[in-house]
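Single-structure report; data block below.
The values are calculated or read from the model by the stated rules, or taken from the named source; none is laboratory data. In this text the structure is predicted, and so the values were computed from the model without any measurement. Reconstructed Cβ throughout: ideal geometry from the backbone, glycine too, with neighbour counts over all protein chains shown.
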Amino acid sequence: MRRILSVLLENEPGALSRIVGLFSQRAYNIDSLTVGTTDDKTLSRITITTHGDDRVVEQITKQVNKLVDVLKVIDLTDMPNIERELLLVKVYAKDEVTRASVTRIADVYNGAIIDMGKQSYTLQLVSSAEKIESFLDMLRHESDIIELVRSGAVGIGRGDKALKG
Amino acid sequence: MNKGQFNGSELVVKALKELDVEYIFGYPGGSVLDLYDALFQQNDVKHILVRHEQAATHMADGYARATGHVGVVLATSGPGATNCITGIATAYMDSIPMVVLSGQVPSSLIGDDAFQETDIVGCSRPIVKHSFNCRNAQDIPSILTKAFYLAASGRPGPVVVELPKDILNPQTKFEYQFPNNTEMRTYHPSVKGHPKQIKKAVNAILDAKKLVVYSGGGIILSDTSEQLTELVESLNAPITNTLMGLGGISGTHPNFIGMLGMHGSLEANKAMANADVILALGARFDDRVTNNVKKFCPNATIIHVDVDPTSISKTIPAHIPVVGCLATVLTQLQTALDNNDKRIDRSAQEDWWRQITQWREVKCLDYAKTDDCIKPQTVIEKVYQVTKGEAYVSSDVGQHQMFAAQYYPFKHPRQWINSGGLGTMGFGLPAAMGVKLAFPDKHVVCVTGDGSIQMNIQELSTCLQYGLAVKIVSLNNRSLGMVRQWQDMMYDGRHSSSYMESLPDFVKLTESYGHVGIRVDHPDQLDAALEKAFSITDKLVFLDIRVDEKEHVYPMQIKLGAIDDMWLKKGVKG
């Protein structure tokens, strides 16, 4: 099952490598990983999407928690949450028909065309991983993808609850 | 030098003194020369010069296992640091408190592939509890204090501290300030077991008809042997120890049913397989214990107490997990049991003991003796007799290790020093040296073999330098015995690279290092040789004992079977 883990850890050199190393050392999956500082500059927040059965995910959570640099770990998938990922994608858009259909897809998905070349459009979409997949499917149907880059998911719990240091 | 002003190297030495460090095991080199100069100018912290950094880590490890104090290692950057890797991994796998101080090239050169530069923090990352890159000399006392605290608290383990050459520079001076507290906001090891879990555990224990206590290295590390013995006696429960847990209860205690696992006793493995409640204390259901996890103890309710939550339900799901330090949890359990009106079902327990006695009567450790050649098991039994069961015994890895575990009943915790998790050949001699330094008046025996001893034999030189009168008992079978045993059993006797075809003359070798060497070829020489060896207290004695090379370690679990599927001897299943 797919899981989204949020990890608060010391913003120190080497802390990220301990997380990444742990996953490879124990043969856990990383589907995506993002990292950035928080409002408290001494803390970083990592969002990891991973998958595995309940026992594996329980071990992953415990192992991450055990790292001395880690302050807190939560499994966002255990609670109502908001997940967002940024996609930038460049597609062929040479003729009017393609340009019109790519524009329509962007509209439908609440995406945006943020750059254009003589033969291409560059689109942006901020959404869940699931919606991004669907968006890319539609684009592939209407055009060809030249290049794409995804930020990996970030997530936050809904409501007043917060993960803080 | 201004009064009260210290350079980085002096800060290291002052902090080590404040942290009660008696010995530091190491080897000098370019990046740590300033630190060695500071060590030279004081007498509080004694430096032991080894002949290879791996041995320094094992010496520190042996010292830590025997005393419970943090073992300290000092190595130079690059090869000095990488030579420590095996020893760090050994300590990590067995949760041994250790701090490794590693030199590093000057900060300005880090990342340039400078001479003797290695990213030791990166190299050691998967095998440390934590590590520190020290970048400012002022931070040295607080980093070392944290390193020692981390190494020794919670589930202990090795901590690496990297010290670049520039921060050890004697020209730059700082105020020395020892930190008052070691508080780390991200590190809070569990202490108390959750009361609800304690209650559940107590109910399960009192409902049990076939209870087994299964204890591991955690009992040794947490110094809870007395509490464990009290609990076992109050419950009159059978108890088995893991390889790491031997000595947790006396090997001669009537409730002790032997080691469990791959070369465990039949009665221990049978009791586990037939138990209805297993109380696991500071053990981690290692694959060398469980055999096939799918067939593991199907009828047992498992209570698992461990300070490290990741050990719980990692390989075998626990029905009643209890996270906490053993000293506290054992007190909680004992109190809750004492205050409970319910009592264990004594008649069920009598039936259970009757059953265990039947398994015991198989006498799974009996072996065929002969007058023509020395049996390795006999050697261990005789070492036990001549040392009255009171020696510290370190071992290397292989058949001799299992024979030592099986035939030397350890009376006390910390008496048995072996590399259980990593299985590091070459561990035995340096570990014994670390023990001997800590307890110079005690018999310290290194049980080894002709294969293992050659993996750190250069330390015979260190033994001479510091007068470490270790007794080396080498069960020389002219082969890598355990490898050969597996090849006999699983590879139709094809002995691929398991011979040690050009063995040195160990007696001459030992003598060339200034020690005493004794060769024993026949069973009738054995008693006299051991008497002589153990009567010499001021010299290292190397006993090169030619044992039966065809002997196998039994009992042995049958691959992919249940915990109690065992060979008792060739072709005989238990």
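Summary table below
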{"quantity": "Selection from region B:295-332 of residues that are among the aliphatic types (A, V, I, L, M) and within 14 Å of another protein chain (Cβ to nearest Cβ)", "calculated": "B:307, B:312, B:316, B:318, B:323"}
{"quantity": "Failed condition for residue B:178, given (1) modelled with pLDDT under 95; (2) within 14 Å of chain A (Cβ to nearest Cβ)", "calculated": "(2)"}
{"quantity": "One residue from A:41, A:72 being closer than 30 Å to residue B:156 by Cβ and basic (Lys, Arg)", "calculated": "A:72"}
{"quantity": "Hey, residue A:31 away from chain B (no Cβ under 14 Å) and closer than 19 Å to residue B:313 by Cβ or not", "calculated": "no"}
{"quantity": "Flag for residue A:164 being within 14 Å of chain B (Cβ to nearest Cβ) and assigned to a loop (DSSP other than H, G, I, E, B)", "calculated": "yes"}
{"quantity": "Test: residue A:56 is assigned to a helix (DSSP H, G or I) and within 10 Å of chain B (Cβ to nearest Cβ)", "calculated": "no"}
{"quantity": "Subset of region B:149-173 (residues that are away from every other protein chain (no Cβ under 13 Å) and among the polar types (S, T, N, Q))", "calculated": "B:169, B:171, B:172"}
{"quantity": "Selected residue [assigned to a helix (DSSP H, G or I), in contact with an Asp or Glu (Cβ under 7 Å, 6 or more places away or on another chain) and modelled with pLDDT of 95 or more] from B:404, B:431", "calculated": "B:431"}
{"quantity": "Inter-residue pairs, beta-carbon under 8 Å, first assigned by TED's automatic domain parsing to the domain that holds residue B:332 and in region B:218-232, second at pLDDT below 95, 6+ apart", "calculated": "none"}
{"quantity": "Residue satisfying condition, being hydrophobic (A, V, I, L, M, F, W, C), away from chain A (no Cβ under 12 Å) and buried (at least 20 other Cβ atoms within 10 Å of the Cβ), within set B:121, B:105", "calculated": "B:105"}
{"quantity": "Output for region A:104-133, where each listed residue is surrounded by fewer than 16 Cβ atoms within 10 Å (Cβ to Cβ), among the β-branched types (Val, Ile, Thr) and either free of Cβ contacts under 8 Å to residues at least 24 places away in the same chain or farther than 18 Å from residue A:153 by Cα (or both)", "calculated": "A:108, A:114"}
{"quantity": "Considering residues of region B:161-172 that are β-branched (Val, Ile, Thr) and not in a strand (DSSP E or B) only, the residue modelled with the highest pLDDT", "calculated": "B:167"}
{"quantity": "Strands (runs of 3 or more DSSP E) lying entirely in region B:444-526 (those with 3 or more residues that are surrounded by fewer than 21 Cβ atoms within 10 Å (Cβ to Cβ))", "calculated": "B:516-520"}
{"quantity": "Contacts under 9 angstrom Cβ, first residue in region A:55-71 being polar (S, T, N, Q), partner part of a strand (DSSP E or B), 6 or more apart", "calculated": "A:61/A:3; A:61/A:5; A:61/A:73; A:61/A:74; A:61/A:75; A:65/A:7; A:65/A:72; A:65/A:73"}
{"quantity": "Residue within region B:199-217 that is within 28 Å of residue B:260 (Cα to Cα), touching a residue at least 24 places away in the same chain (Cβ under 8 Å), within 14 Å of chain A (Cβ to nearest Cβ) and in a loop (DSSP other than H, G, I, E, B) present", "calculated": "no"}
{"quantity": "Test result for residue A:26, closer than 20 Å to residue B:309 by Cβ and either more than 14 Å from every other protein chain (Cβ to nearest Cβ) or small (Gly, Ala, Ser) (or both)", "calculated": "no"}
{"quantity": "Counted residues, region B:324-345 - those being surrounded by fewer than 22 Cβ atoms within 10 Å (Cβ to Cβ) and among the aliphatic types (A, V, I, L, M)", "calculated": "4"}
{"quantity": "Flag for residue B:87 being surrounded by 21 or more Cβ atoms within 10 Å (Cβ to Cβ), within 30 Å of residue B:285 (Cβ to Cβ) and in contact with a helix residue (DSSP H, G or I) (Cβ under 6 Å, 6 or more places away or on another chain)", "calculated": "yes"}
{"quantity": "Top-ranked residue of region A:1-23 - restricted to ones that are part of a helix (DSSP H, G or I), of a type in the set (A, V, I, L, M) and over 21 Å from residue B:314 (Cα atoms), ranked as farthest from the other protein chains (Cβ to nearest Cβ)", "calculated": "A:16"}
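Listed here are the residues, each with its yes/no results for (1) at pLDDT below 95; (2) closer than 30 Å to residue B:32 by Cα.
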position: B:147; (1), (2): no, yes
position: B:150; (1), (2): no, yes
position: B:154; (1), (2): no, no
position: B:159; (1), (2): no, yes
position: B:174; (1), (2): yes, yes
position: B:182; (1), (2): yes, yes
position: B:192; (1), (2): no, no
